[in-house]
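Novice: Questions regarding the structure given below will be posed in turn.
Just so you know, all these numbers are worked out from the coordinates, no wet-lab data involved. Since we're looking at a predicted model, the values are computed, not measured. Cβ coordinates were reconstructed from backbone atoms using ideal geometry, including for glycine residues, and neighbour counts include every protein chain displayed.
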Amino acid sequence: MRNLLNENPELSRELIAKVELGNKRDADGETVTAREIYLEAWDRLPDPKENWEPFSQWIADCLFGNYIDSNNYEEAEKWAEASYKSRPDEIETSCLVQLGLVNYEMGKIDAALDWFGRAYAVGKYRAFQGFDKKYFDFFKKNKR
């Protein structure tokens with residue numbers, strides 16, 4: 001993992017401004033505009049895109065949330081996977097819950113339980129905080 005803040009402060013400032021603008025548009029209900037801004041930010045990351053702390057995971061998480069809110073689970077899964085590839089360390093659990101969540105919503109129950117189980121193994125209940133309680137309840141009821 002490389003730190004873009006240290007390696008390219010100018011690009012980092014640009015990306016921070018872009019993502020914050022995207023977040024504002026998302027909060028204002030301008031979902032498509034926000035998505036376009038997030039995708040522009042992602043495109044500005046140097047290759048390999050999943051390798052840049054703190055931006056890779058941040059932008060992927062924004063895109064995941066944007067697509068989940070739009071009920072576009074196939075695209076949300078793509079960004080949950082990008083977030084997973086971008087995680088800075090093994091104790092980061094939100095991307096694991098995201099992968100469980102999107103698989104749950106697509107009806108892929110075994111995959112959902114697997115991802116939720118991985119998140120729970122690392123963070124117990126804390127891993128599910130900030131997500132709809134239904135996901136933890138599902139996991140708790142169905143865990144193997």
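Novice: Counting each DSSP H run of 4 or more residues in the chain as -39500 (n - 2.57), what helix-only mean residue ellipticity at 222 nm follows after dividing by all residues, to the nearest 500 deg cm²/dmol?
Specialist: After summing the helix terms and dividing by the residues of the chain, the value is -22500 deg cm²/dmol.
Novice: Let me ask something else about it. Binned at 10 Å from 0, what are the whole-percent values of the Cα-Cα distance distribution for the range 1-75, short to long?
Specialist: 21, 52, 23, 3
Novice: Based on the mean of other Cβ atoms within 10 Å per residue, sort peptides 14-21, 49-56 so the most packed one is first.
Specialist: Highest-to-lowest ranking by the protection proxy: 49-56, 14-21.
Novice: Compute the relative contact order of the chain as a whole-number percentage, counting only Cα pairs closer than 8 Å that sit 6 or more residues apart in sequence.
Specialist: 16
Novice: Oh, and also: Express the Stokes-Einstein translational diffusion coefficient of the chain in µm² s⁻¹, to the nearest whole number, given a Kirkwood radius over alpha-carbon pairs, 4 °C and a viscosity of 1.567 mPa s.
Specialist: Reported coefficient: 83 µm²/s.
Novice: Hey, which lysines would be in cross-link range of Lys108, C-alpha to C-alpha under 28 Å, not counting anything within fewer than 8 residues on its own chain?
Specialist: Lys49, Lys78, Lys85, Lys124, Lys133, Lys134, Lys140, Lys141, Lys143
Novice: Okay, next question. Do you know the relative contact order of the range 1-75, to the nearest whole percent, from alpha carbon pairs under 8 angstrom that are 6+ apart?
Specialist: With pairs under 8 Å counted, the relative contact order is 33 percent.
Novice: Here's another thing I want to ask about it. Rounded to the nearest 0.05, what FRET efficiency do Asn71 and Asn23 have when you use their Cβ-Cβ distance and R0 = 22 Å?
Specialist: The value I calculate is 0.65.
Novice: Students often check this: by mean Cβ neighbours within 10 Å, which of 96-104, 130-138, 83-91 ranks highest, and how do the rest follow? Can you show the working numbers first?
Specialist: Details: 96-104: 24.8, 130-138: 13.3, 83-91: 15.2.
Ranked by mean Cβ neighbours within 10 Å, highest first: 96-104, 83-91, 130-138.
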